[in-house]
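Notes follow the structure.
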Amino acid sequence: MRETRSFDQDQTPRPPAAAGFFSGVHREIWDDADSLLHTKPKEPQRMSESSSRQIVIFDTTLRDGEQSPGASMNLYEKMEVAQALVELGVDVIEAGFPIASPGDFNAVREIAKTVRGSVICGLARCRPEDIDRAWEAVKYAEQPRIHVFLATSAIHREHKLKMDKAEIVQRAVEGVKRAVDYCPDVEFSPEDAVRTEIDFLCQVVEAAIDVGATTVNIPDTVGYATPAHMRRVIEILRNRVPNIDRAVISVHCHNDLGMAVANSLAAVEAGAGQVECTVNGIGERAGNCSLEEIVMALKTRNDFYHAHTRVVSQRIVPTSRLVATVTGIQVQRNKAIVGQNAFAHEAGIHQDGMLKERTTYEIMRPEDVGLTMSDLVLGKHSGRAALADRAKALGYRLTGEQLNLVFDEFKELADKKKEIYDGDIAALIEQQIHGVSELWSLESYQVTSGTGKVPEVTLSVRRGSEVLSSHKVCGDGPVDAVFLAIEELTGISVVCRDFRVHSVTVGKDAQGEVMVQLEYQGELYRGHGVSTDSIEASAKAFLNAINRIASVGNGSQQPSKIR
Ligand code: KIV
Ligand code: ZN
């Protein structure tokens, strides 16, 4: 292996060393970074002003995103998200961490077997058993990738791995070599790269490329970087690693300081060719770089970055909705690109400007991210064709059978509610297409409650042709009473860890959408239900989660995991 080039140090004043626990590490990073200020940076991999380079979008919603607490998905949900990611146009799908559990392995293997159109990647530590397992799972893919990682920072070396620098390089080299023996497309990540001494980072990256890594990913594992810092790390790698042109430089930024997207953009500016991100920015702790934000930033500011992606931006909102529904993690109202308020203009002065010329206050068009602004109202006289049309405009592709089921629900809803909005239709569709097989369904319920009164509930559930009923005086409110009756009838006793209700649209007759998270035998299960009656929505959500629990017992679904 060749030596990495090193730069002369000079007397430039340095930023003050950070105080506290990490200060030693910080000083080392800055010592090296200073040297770059006095070297002529390599020309960025930027084309002429008029041309634009393609940035590879590596989506890790199914791996890092799934590591968000409570965001775990079952096999069916993962397959659906993977298919949606292909339609979104992402280049690489990191489908999971196959050694982590049999469920992860199966999901990666099934996605590799069935999903076509994107590279399918499996994560592995630099250990033979991990790499073998990752290959076992991804080998069926049209275009497989193995992603091996090993921590390189002093903190991780000393406290987690108890390995010295030489051992780290050797382990990284062995890991990449083993992966390359299986597969020509190998990505290597020095975990916690941003807090790794820059000389050592260059050395590890060079060694990994030398033995065949085709992508080198620079993770900001703990979300510590700032844009200027990130730009400098990428510039240093491009200047000092002699074989760097043989690999694509990637970045993987966490959002602990709220700068994941800004840091990823800075890396692109410095020459990175791949960005790792997740839909809605979900992921460990504060999450990852958000796919929709990085993609729209590159699209909207192509004038500045001269870079673009293959993402079909009109698929962004439907994909965001899908991920929010299957993970139960809703996006905040003011979230950039996909939040409910992202394209709402409230101030009079803004509305006035918009009416005169939309570009006065709008840098992107809502339709470019797949947001239909019509909110055309449907009602009881609307037919199947009108519903199919709205579903299509909202980004859903329904099979004939799904359309029939949604249409039945739509008619039922239209009897209760005069005006049916896009939000109502989306909620009905999502309930249908992301449901689990229904072992139990709600037949009817009645509950009376009041101040200072213990609720009285009568509730029936259907299981096949059988209807089971319960009458109880119990609980500390009507929702609690309904949950207790369902537990009694199904024989499944759970702890309710989360319960959220919000209205899907506006108005007093709006549908309520309930999300619950139930704990059963150490695992978390989500449930989702909608109705114009919020107690009924709660009962449906509870039963939806109970059906998930039951289907795991049947072996037809993968269990969720508590992270
Ligand atoms: O944040 C991180 O360092 C990771 C690696 C596995 C790439 O997720
Ligand atoms: Zn990560």
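The values are calculated or read from the model by the stated rules, or taken from the named source; none is laboratory data. As the structure is a computational prediction, the values presented were derived from the model and not from experiment. We place every Cβ from the backbone using ideal geometry, glycine too, and count neighbours over all the protein chains shown. All accessible areas refer to the heavy atoms of the entire protein, side chains included, with ligands and DNA or RNA removed. Shrake-Rupley method; radii C 1.70, N 1.55, O 1.52, S 1.80 Å.
A few notes on this one:
- Gain on full extension, evaluated as 0.36 nm per residue between D476 and E362 minus their Cα-Cα distance, stands at 36.2 nm.
- Flagged links, alpha-carbon separation over 30 Å, of K299/K356; K335/K416; K299/K508; K356/K411; K411/K508: K335/K416; K299/K508; K356/K411
- The portion of the accessible surface of region 368-497 made up by carbon and sulfur, rounded to a whole percent, is 49 (1.4 Å probe; DNA, RNA and ligands excluded).
- Heavy-atom accessible surface of S313, to the nearest 10 Å², is about 0 Å², with a 1.4 Å probe and all protein chains retained.
- FRET efficiency, T226 to T372 (Cβ-Cβ, R0 41 Å, nearest 0.05): 0.65
- With DNA, RNA and ligands ignored, accessible area of W135 (1.4 Å probe; Å², nearest 10): 50 Å²
- Rounded to whole Hz, the Karplus (6.51, -1.76, 1.60) HN-Hα couplings of region 454-460, x for glycine and proline: 6, x, 10, 10, 10, 9, 10
- Solvent exposure, largest accessible area first (probe 1.4 Å, DNA, RNA and ligands not counted), of K411, K416: K416, K411
- Other-chain or far-sequence residues with amide H under 5 Å of R53's (modelled H): M47, A307, H308
- Solution diffusion estimate, µm²/s, Stokes-Einstein, the chain, Kirkwood Rh from C-alpha pairs, 37 °C, viscosity 0.692 mPa s: 128 µm²/s
- Accessible-area composition of region 187-338, carbon plus sulfur, in percent [1.4 Å probe]: 49 percent
- Across the alpha-carbon atoms of region 210-353, the computed radius of gyration and Dmax are 16.7, 61 angstrom.
- Available extension along the chain between A336 and E438 is 33.1 nm, counting 0.36 nm per residue and deducting the alpha carbon span.
- On Cα atoms only, tilt of 102-114 relative to the major axis of the chain in degrees: 90 degrees
- Share antiparallel - DSSP beta bridges, the chain, percent rounded to 5: 50 percent
- Between Y140 and D303, the contour length at 0.36 nm per residue exceeds the Cα-Cα span by 54.7 nm.
- Remark: accessible surface ordering of V479, V323 (largest first) is V479, V323, probe radius 1.4 Å.
- Solvent-accessible ranking of Y421, Y76, largest area first, probe 1.4 Å: Y76, Y421
- Per residue accessible area in Å² of region 51-150, where ligands, DNA and RNA are left out and the probe is 1.4 Å: 28 Å²
- Per-residue ellipticity at 222 nm, computed for the chain from helices alone with -39500 (n - 2.57) per DSSP H run of at least four residues, works out to -12000 deg cm²/dmol.
- Fraction of alpha-carbon pairs over 15 Å apart in region 465-548 - percent: 57 percent
- Residues of region 444-563: accessible area per residue with a 1.4 Å probe, Å²: 46 Å²
- Convex hull of alpha carbon positions in region 52-327: directionally averaged projected area 12.6 nm².
- The radius of gyration of the Cα set in region 372-433, together with its Dmax, comes out at 10.2, 27 angstrom.
- Region 195-249 versus region 513-535: alpha-carbon centroid distance in Å: 43 Å
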